[in-house]
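The numbers here are math on the coordinates, done by the rules we state, and not lab data. What you see is a predicted model, and the numbers here were worked out from it, not measured in a lab. Heads up, the Cβs are rebuilt from the backbone with ideal geometry, glycines too, and the neighbour counts pull from every protein chain shown.
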Amino acid sequence: MNGYRLLSLLIICLAAAGCSSSEDHTASAEKGVSAGLLVTESGLGDDSFSDSAFQGLEQARDELDITFDYREPFDGDFEAHMEDLIEQDHDVIMGLGYDSQESIDALAEEYPDQHFVLIDAVSEFDNVTSITFREDEGSYLIGLLAGMKTESDVVGFVGGEQIEVVERFENGFRDGVQSVNENAEILVEYAETFDDDGIGAELAQDMEDKNADYIFHAAGFTGVGVMKEAENLGIYAFGADSDQYFVAEEAVVSSMIKNVNVALYDVMEQLAEGEELEGGLKELGIEEEGVGLAPIRLISLSDEEQDRIDEEVKQ
């Protein structure tokens, strides 16, 4: 584990008043509404998807007096970790990403009275609430920025694994760039992993060698390497899922915000108010405040450019 990720994880643990043992969480879960969270295989400290989910439950803990426990499936055994959480008798079990769907579906069938929340994939089981995001809407805004501000007319996109949700990031970005800059070349590479910042750095270097001056990632911890290498190279980058400016303060112009934290907070608020989860699919876009744009830093927009961004956000 590199120094940056270790520091990020330490901060998360301290914010949670220490990485408590499962026994401590089990005892607290008996006091009221509780949740069990299975983060991605990359674990906490990604400054992205997993961390955003964790922060949403932290906020719910602080404001709604709920409790929660979590697991990091570094070994890839999603089902075993979820069963561990189910045994703690949480009101809801939450899984992040398509990798968790197979396990959630199997356990939803085995435990029909247990409710689950699945982020970024869709389950057909009645006791699973599926929450997806219109990533293309938020990524379109990033594409507008890149297309308007590139000086080389070459921009790049780095994805983690080439799956449907990441392709939505790519497609939205591509559409945004092309809508304001028909001459722009859009470089696209998939790292085939969300968990290797070294590969991310290599892909950023390759794109800079091809004159890319703005690079957008949707690659989890791999994207951390993209942003930090962009900073080293003196070019610009965009973050994903959360405001990632502080990962590389001299490079990150903005980030496509994916409000996983808000979605999970809303689930816990519903339970805390005594409402039952009904299952089914919830799709969250700009209108539902599911996706959006982090503050724009490091560059200046003309009034016309700002108006274009504002127009898309208001639609």
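Structure summary
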{"read-out": "Test set (1) surrounded by fewer than 24 Cβ atoms within 10 Å (Cβ to Cβ); (2) part of a strand (DSSP E or B) - Gly36 fails condition number", "value": "(1)"}
{"read-out": "Candidates Gly138, Gly198 - the one that is surrounded by 19 or more Cβ atoms within 10 Å (Cβ to Cβ) and either of a type outside the set (Phe, Trp, Tyr) or in contact with a Lys or Arg (Cβ under 9 Å, 6 or more places away or on another chain) (or both)", "value": "Gly138"}
{"read-out": "Search result, residues across segment 263-305 that are out of contact with any Lys or Arg (no Cβ under 8 Å at 6 or more places or on another chain), assigned to a helix (DSSP H, G or I) and under 15 Å from Ala35 (Cα atoms)", "value": "Leu264, Tyr265, Asp266, Val267, Met268, Glu269, Gln270, Leu271, Ala272"}
{"read-out": "Tally of residues being among the hydrophobic types (A, V, I, L, M, F, W, C) and out of contact with any helix residue (DSSP H, G or I) (no Cβ under 8 Å at 6 or more places or on another chain) across segment 194-211", "value": "1"}
{"read-out": "Residue that is surrounded by the fewest Cβ atoms within 10 Å (Cβ to Cβ) [pool: residues in segment 52-85 that are in a helix (DSSP H, G or I) and acidic (Asp, Glu)]", "value": "Asp62"}
{"read-out": "Close pairs (6 angstrom Cβ cut-off, 6 or more residues apart or separate chains): without any contact (Cβ under 8 Å) to a residue 60 or more places away in the chain and within 17 Å of Ile163 (Cα to Cα) in segment 185-197, surrounded by 16 or more Cβ atoms within 10 Å (Cβ to Cβ) and of a type in the set (A, V, I, L, M) anywhere", "value": "Glu189/Val158; Glu189/Leu203; Ala191/Ile199; Ala191/Ala219"}
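Listed here are the residues, each with its yes/no results for (1) without any contact (Cβ under 8 Å) to a residue 24 or more places away in the chain; (2) in a strand (DSSP E or B); (3) farther than 20 Å from Ile286 by Cβ.
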position	(1), (2), (3)
Asp89	no, no, yes
Pro112	yes, no, yes
Ser123	yes, no, yes
Leu144	no, no, no
Gly156	no, yes, yes
